[in-house]
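The values are calculated or read from the model by the stated rules, or taken from the named source; none is laboratory data. Keep in mind that what you see is a predicted model, and the values were worked out from it rather than measured. Every residue, glycine as well, gets a Cβ built from its backbone with ideal geometry; the counts of neighbours run over all protein chains shown. In case anyone asks, the SASA skips ligands and DNA or RNA and just uses the protein heavy atoms, side chains included. Shrake-Rupley method; radii C 1.70, N 1.55, O 1.52, S 1.80 Å.
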Amino acid sequence: MFEWIPAYQRFLLDVTLIDIILVISLLILFQCGLFSMATAGFAAIGGYTSALLVTDADWPVPLGILAAVFVGATLAVSFGLPVLRLRGIYLALGSLALAQVIVIGIANVGFTNGVFGISGIPTEVTTGWLVAIVAVILLVMELIHRSHFGRAMKAIRLDEHTAAGLGINVFAYRMATFGIGGAMAAMAGALEAHRTAVISPDQYDFGLLVVLLTYMFVGGVEHWLGPVLATIGFRILNENLEFAGTDWENFYYGSILVVVMLLAPDGLTSRRFTQRLARIFRRRPDLAT
Amino acid sequence: MTVPTELLQCEGVGRRFGSVTAVDDVTLGVRSGEVLGLIGPNGAGKTTLVNLMSAYLSPTSGEIKFAGESIAGCKPHELARRGIARTYQNVCLFEQSTVLDNVLTGRHLGFQGGLWQLGRKRHREEARERQLAVELIELLGLAEHMNEDVSAMSYGLRRRVEIARALAIEPQLLLLDEPTAGMTRTESDEVGRLIGELRAGGMTVLLIDHNVRLVSETCDRVAVLDWGRVIAIDEPAEVWADERVREAYLGTGESG
Amino acid sequence: MQQTINGLASGSIYALLGLGVTLIWGVLHVLTFTHAQVLTWGAFGSLIAINRGYPVPVAILVGMAVAAGLSVLIDSTVLEMLRRRGASEYAFVVATIGLAFMLESILRNRTRARVEPYSRDGFPRGPIELLGQNVPKLQLAVLATSLIAMAGLAIWLNHTRAGRGMKAVAYSPETATLLGINPRFIYAVAYTVSGMLAALAGVFVAVSTASVSYSSGDRLLLTAFAVIILGGMGSVPGAVVGGLILGVIEVYATVHVSSKFSEVVAYLVILVVLLVRPSGLFGAKEATRV
Amino acid sequence: MTGSQGNAVLEVSDLTVRYGAAVALRGIDLVIGEQEAVAVLGPNGAGKTTLLRTISGLLKPAAGQIELDSHSMVGRPAYRIARAGFVHAPEGRSMIAPLTVTENLQLGAGRRARSDVAAGIDEMIELFPSLRARMGTKAGLLSGGEQQMVAIARALMAQPKVLAIDEPSMGLAPVVVDAVLEALRKVIDSGTSLLLAEQNARLALAVADRAYVLVHGEVVKSGNSDEFGDELIESYLT
């Protein structure tokens, strides 16, 4: 379906689509007021679950991915019970500790082949799959956004105590989103494993999380469109920084983050920023006349 | 005369924070259909009592019953579902959202449909809830502010939005924590009239307020709290005449 | 005994790191992702001074000055602009991540990504006998210096005018302003102290490994975060105890379980502590409204 | 109006403050003389707090002049205005809760010498004897009345030229209010000028020499306290 795209561009598209799934898994939690840093851990769980099942137990790839989703959701819910007692920055750092335990654990046990990772994973995941999956996810995100579920999540994010006073079951919402977030991260991990054929623990390190966080916050957390656009934008940007062949790649990347935060502290799609932009553009014609 | 049934009962309710006793052995009933005033100096434990009644806090002693059933172990959202709505002393609105969004969020319990309910059915449900929210907004005289951002609104308007949102859950019992603080005289008179209308419609209301005139005019009975204890509960005129109330709360009458 | 001292020595480095991060969190409610870079820059500052032949104490002071200056520069430019815009704490997270990228990139280019040797000349060397054990003097020196720095910080925070001002600004910048305290000055002081502590840690890390590179600090940022969750965000004694515990745990886990698992054990301990005490060992319970 | 322009400690002229498009204060003129107590009265939302916050530098005026001892304060950061002698005890008493009463008072003392601070604290204990037993207590654990006393004492530690207090009676039992008013009278006698923002007009007029009535951000009436009869108070302030 997407074979007409040149191989390298298709590779970039695939990477971007998987990043989008990861970012959305982070965003859905954040929309419920949960700043969780466990995403990389769940992605690793998903990648290894599917990779091991498919390579060692000869499961078909789709089944392996489904198993990854199931394991991700189950683990997220069972970790969620204790971890969701934490609040704010403690939740962020506690979930980070959780992710570290998972990833370092994988790097140090036998059946995962330790730090060397797994190679020779069947690669059946095509661009078509990824596009379909991302489309479904974004559709669901939009449905949530437009329904009373989205309103309830926003209420929880803005003020969980008041939300509870209006009959919103804060705990149930948070458990559900934690589970969904875990499942999505695990799915992204599995898809990635079946795209590259090789996985190793170090690809799920802190760096991955940092990148995802910047996509989310630069895009803005009010609507899924912001983080999605930011993910695409940063991918294009990264490509061009690389082609510039500069050692200063990270410097430019970092300065873009700083500048964006100074211009739009709540992200590029936040109301505060778009309203400011609107004012600027409305003023333009006045100047011309 | 029949004994009025009590919708909410506090039996020997106490709440300590460390070594501080905020509410001490309070026995108090809110009768069905009445407007009960709760007054007392700041720090007397009024807000703590409301927090206990809405399950934000659990009592360290005693029991609270709503409609005859204990609320022990109840979460705030369950209590909202059972019919208790409240406003907050320091106005807790969802900031950077419109008036309509705030009130619609209060309609959360009214929605039945799942995420997959699509098309006309979903549209109809959304439209129905929106209509209810709009009616409440009009009732509170906020129609012209419907799509304004609450963060930019005045204190008095924000208080009214909060009341509309509390009414949106269609409660049996409404707990109002200082609803007229920060309002002008005309505005608080309007709130008084609204409480009267709600009462006429069968709603039970617990009203905390410092405005003695409002409390006198709108409340069937008044309870006075001092140092966490109920020192008087009776009809307004009787309560104002009580010597202990004059001493603990009214003082020399200057603060009217 | 030997292991405990090893653990305490590396733990005291962690504590120095954690103190810097916890101080900034306590006063500004900002989680500084630049901290590891500040540490590395401080270490390089001292390296340059050592290579030019300055005595070790002077070199350490140079490193501290570099780190403090860098921290204050970050605060008074980018962070001050964010504060003026009323940015959320997440904007600070992203901005400090961006700054960390920039700082690392600069160092990487200046050093051409090489690992530089860090001379141990002038630092205490050889073992000393203590309670029948041979203990490296360097470790004792690290431990002693760190403890002195921490004690100094504790006394300064609790018994001086500046310390009170810092607590006042941390609690309510507006009230502090109305009492004639300049919050921007207090922020600068907090960043100066935090940077100095980071540089001290950076020098110790460099001496212990006899090398320093642009990525020396990378792993340590996570360690610093681990220390402050363990001890409780914003708590000074928490950072000290958290750092020392983490150091000792890592050493014991390496010796008694396996070196591979030492990091996992440390994070597991953090998770367990958080589950028992959701705001760390010394953390104040997060204020809940209502 | 008293024509004490010559020895005015604080002089505010034609002050206008905006929040976005909304005008919060419009053309305010206000004078406080030496040892004078002035009340700013008005219903909630009339702009009393905005006025205090603007004079103390927390808000920037859109137009107008603020002079303290004939020095312009407009554009100065808030901490400098506090050091210059206009000390503002904000609404809600704003204790630094984790610090003790003594430490709160020391904070207020700013750059006074150590021995001088100790003497100042003794004076405050004399002014508010009920604080004596509470000096080592964390300020957050005090009762509302005690906190109000600490807030006033803390502001006085800076030896201000003008002490501005926002709603000192808010939420306090009348008995406690009496003690606070008594202390404020002593403060005036000791030579400090007072600027009092109060909703409760009768209380404020019991201390103040003169008063300004603020409605919707404008001064609608000003004069000596004895000119404010019951009817006048009724018409503007309930």
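For this structure, a couple of remarks:
- Accessible surface comparison of B:Glu238, D:Glu126, B:Glu34, B:Glu6, probe 1.4 Å, protein chains only, largest first: the order is D:Glu126, B:Glu238, B:Glu6, B:Glu34.
- Chain C: proportion of alpha-carbon pairs further apart than 27 angstrom, %: 40
- Above-threshold pairs, the threshold being 28 Å between Cα atoms, out of C:Lys167/D:Lys60; B:Lys46/D:Lys60; B:Lys75/D:Lys138; D:Lys48/D:Lys138; C:Lys137/C:Lys167; D:Lys60/D:Lys221: B:Lys46/D:Lys60; B:Lys75/D:Lys138; D:Lys48/D:Lys138; C:Lys137/C:Lys167
- Compared with the dominant principal axis of the Cα atoms in chain C, helix C:2-28 is inclined by about 20°.
- Positions from the range B:119-141 whose accessible area shrinks by 40 Å² or more when the full protein complex is built, not the chain alone, probe 1.4 Å: B:Arg122
- Dividing the convex hull volume of the alpha-carbon atoms in chain A by its residue count gives 167 Å³ per residue.
- Calculated P(r) of the protein assembly as shown - Cα pairs past 48 Å, %: 35
- For the residues of D:102-111, the average number of beta carbons from a partner chain within 10 Å of their own beta carbon is 4.
- Burial of accessible area (probe 1.4 Å, heavy atoms of protein chains only) in the range C:97-141, relative to its chain alone, reaches at least 20 Å² for C:Ile97, C:Gly98, C:Phe101, C:Met102, C:Ser105, C:Ile106, C:Asn109.
- Taking all protein chains together and rolling a 1.4 Å probe, C:Ile5 ends up with roughly 10 Å² accessible.
- Amide H contacts of D:Lys138 (H built 1.01 Å from N, in plane; Pro and chain starts excluded): no residue 5 or more places away or on another chain comes under 5 Å.
- Per residue accessible area of the range D:87-169, 1.4 Å probe, in Å²: 37
- Cα-based shape type of the range D:64-206, given that a ≥ b ≥ c are square roots of the gyration tensor eigenvalues and the cut on a/c is 1.5: oblate
- Degrees separating the helix B:119-139 axis from the principal Cα axis of chain B, which is the longest one: 40
- Helix D:114-127 axis versus longest C-alpha principal axis of chain D: approximately 70°, rounded to the nearest ten.
- Every helix of 4 or more DSSP H residues in chain D counts as -39500 (n - 2.57), and over all residues that averages to -10000 deg cm²/dmol at 222 nm.
- Cα gyration tensor shape for the range A:79-178, rounded if a/c is under 1.5, else prolate or oblate: oblate
- Our summary gives chain B a relative contact order of 26 percent, counting only alpha carbon pairs under 8 angstrom and 6 or more residues apart.
- Here B:Glu235 and C:Ile155 are evaluated by their C-beta separation; at R0 = 56 Å the FRET efficiency comes out at 0.35.
- Using a cutoff of 8 angstrom between alpha carbon atoms and counting only pairs six or more residues apart, the relative contact order for chain C works out to 36 percent.
- Size of electric dipole in the range A:1-203: Cβ of Lys, Arg +1 and of Asp, Glu -1, about Cα centre, debye, nearest 20: 720
- Over the range D:129-238, the pair-distance histogram of Cα-Cα distances with 5 Å bins from zero comes to 2, 10, 21, 21, 19, 13, 7, 4, 2, 0 percent, rounded to whole numbers.
- Dipole-positive endmost among D:Met157, C:Pro117, B:Asn211 within the protein assembly as shown (Cβ charges, Cα centre): C:Pro117
- Value of relative contact order over the range A:205-289, rounded to a whole percent, pairs C-alpha under 8 Å and six or more apart: 30
- Interface burial in the range B:41-85 reaches 10 Å² or more for B:Pro41, B:Asn42, B:Asn51, B:Tyr56, B:Pro76, B:His77, B:Ala80, B:Arg81, comparing the full protein assembly with the chain by itself; accessible area from heavy atoms with a 1.4 Å probe.
- Remark: mean inter-chain Cβ contacts per residue of A:58-67 equal 0, using a 10 Å Cβ-Cβ cutoff to other protein chain atoms.
- Each chain gives up part of its surface: B and A jointly bury about 2300 Å² of accessible area, both sides summed, for a 1.4 Å probe.
- Straight-line reach from B:Lys65: taking Cα to Cα under 19 Å and skipping same-chain neighbours fewer than 8 places apart, the aspartates and glutamates in range are B:Glu6, B:Glu11, B:Asp24, B:Asp25, B:Glu34, B:Glu78.
- Assuming charge only on the beta carbon of Lys and Arg (+1) and of Asp and Glu (-1), the dipole of the protein assembly as shown about its Cα centre is about 2440 debye to the nearest 20.
- Computed with a 1.4 Å probe over protein heavy atoms only, the accessible surface of the range A:1-203 comes to 35 Å² per residue.
- Where C meets A: accessible area buried, both sides, 1.4 Å probe, Å²: 4100
- Directionally averaged shadow of the range B:174-233, computed from the convex hull of its alpha-carbon atoms, nm²: 4.2
- Computed over chain C with a Gaussian network model linking Cα atoms closer than 10 Å, the most mobile of C:Val169, C:Val227, C:Val21 is C:Val169.
- Rounded, prolate or oblate (a/c below 1.5 giving rounded, otherwise prolate when a/b exceeds b/c) for the range A:197-267 by Cα gyration tensor: oblate
- For the range A:1-120, the Stokes-Einstein estimate of translational diffusion at 10 °C and a viscosity of 1.306 mPa s comes to 100 µm²/s, using the Kirkwood hydrodynamic radius over alpha-carbon pairs.
- For the residues of A:143-155, the average number of beta carbons from a partner chain within 10 Å of their own beta carbon is 5.
- Candidate membrane-span-like segments in chain A, meaning DSSP H helices with Cα atoms spread over at least 18 Å of their own axis and a Kyte-Doolittle mean of -0.5 or above, are A:7-31, A:39-56, A:61-83, A:88-108, A:127-146, A:170-196, A:206-219, A:225-243, A:249-263, with no membrane implied.
- The protein assembly as shown, accessible surface, carbon-and-sulfur percent (1.4 angstrom probe): 57
- Solvent-accessible surface of chain C, averaged per residue with a 1.4 angstrom probe and all protein chains in place: 39 square angstrom.
- Computed with a 1.4 angstrom probe on protein heavy atoms, the D-C interface buries about 1800 square angstrom of accessible area in total.
- Springs between Cα atoms under 10 Å define the GNM used for chain C, and in it the highest mean-square fluctuation of C:Gly180, C:Gly53, C:Gly45 occurs at C:Gly180.
- Per-residue [θ]222 nm for chain C (sum of -39500 (n - 2.57) over DSSP H runs n ≥ 4, rounded to 500): -24000 deg cm²/dmol
- Debye log10 I(q)/I(0) at q = 0.07, 0.13, 0.18 Å⁻¹ for chain B, Cα point scatterers: -0.25, -0.85, -1.47
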